[in-house]
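> Before we start, here is the structure in question, set down as structure tokens.
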Amino acid sequence: MAKRKKTIKRPAKTKVKAKPKAKAKTKSKVRTKRVKRMKPKRAPLIGNAELSHIDQRGQAHMVDVSGKNLTERIAVAEGRVIMRKETLDLVIAGNAMKGDVLGAARLAGIMAAKRTHGLIPLCHPLPITKVEIDINPEHALPGFLVQATVKVTGQTGVEMEALVAVSIACLTIYDMAKAIEKGMHIEGIRLLQKSGGKSGDFHAET
């Protein structure tokens, strides 16, 4: 009898899982954020009124007054020039170094009112019918109280004309008297009252 050959069991080959191939690095995509277009803010409110010289895009512009009616408009503004008593007395006596201080200040205020549109960018040129500058000594200050009254028949008011007139009149007093006293100062420039126009009358608090 032929001997049977012993069969040797060989261990089964284990399948080695192939490592997954590394994916080729791709350039990272840059996500661009969509910028939302912001709606332009409306002009900020003061009370119930909007800033008339700022449009809906927030840009400064000259107000269109072509649709307004011609009405009589008056504005009164005031300011003060504060100085030493000795300086006040010299100006009143007409002994200031540059002569007629108050006369020069009145003329300067009138000229300034007429040229306001050339100084304040968004002001309209107006056919002013009256400019009156009153300068009164106030010993209690001591100094001068300056008031400007401006009048027009037009489509917009003359508040800026009155304020500019007062400012320049006060500055002229300072210029004329600064050789005596450089420590003078200007204060209290404000609108006292206005009348006419759509916004109605205004009177400053005392």
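The values are calculated or read from the model by the stated rules, or taken from the named source; none is laboratory data. The structure displayed is predicted, hence computed values, not measured ones. A quick note on method: Cβ atoms are made from the backbone with ideal geometry, for glycine too, and the neighbour counts reach across all protein chains shown. Heads up: the accessible areas ignore ligands, DNA and RNA and are worked out on the full protein's heavy atoms, side chains in. Shrake-Rupley method; radii C 1.70, N 1.55, O 1.52, S 1.80 Å.
> Each residue of the range 158-174 in turn: what ³J(HN,Hα) in whole Hz from Karplus with 6.51, -1.76, 1.60 and θ = phi - 60°, glycine and Pro shown as x?
Those phi angles translate into 10, 4, 5, 4, 5, 5, 5, 4, 5, 4, 6, 4, 5, 5, 5, 4, 4 Hz.
> Let me ask another. Residues with beta-carbon under 14 Å from that of H139, excluding H139: net charge, scoring Lys, Arg +1 and Asp, Glu -1? Kindly include the intermediate steps, with their values, before the conclusion.
Numbers: positive: R80, R84, K85; negative: E86, D89, E138.
Overall, the nearby charge balance is 0.
> Could you do me a favour and compute the accessible area per residue for the range 88-180, 1.4 Å probe, result in Å²? Show your work: numbers first, answer last.
Numbers: 4320 Å² over 93 residues.
Counting only protein heavy atoms, the per-residue value for the range 88-180 is 46 Å².
> What spacing in nm lies between the two simple spin-label points modelled at N69 and K85, each 7 Å away from Cα in the Cβ direction?
5.5 nm
> Count charges around M160 for me, please; just the other residues with Cβ under 13 Å from its Cβ, Lys/Arg as +1, Asp/Glu as -1.
Numbers: positive: R73, K114, R115, R190, K194; negative: E159, E161.
Spelling it out: positives minus negatives among the neighbours equals +3.
> Now for a separate question. At most 15 other Cβ atoms within 10 Å and a DSSP loop assignment: could you name the GluC sites (Glu not before Pro) in the range 122-195 that fit?
Those that pass, being in a loop and sparsely packed, are E181.
> Also, quick follow-up: Modelling each spin label as a point 7 Å along the Cα-to-Cβ direction, I'd like the E187/A140 distance in nm, to one decimal.
For E187 paired with A140, the spin-label model returns 1.4 nm.
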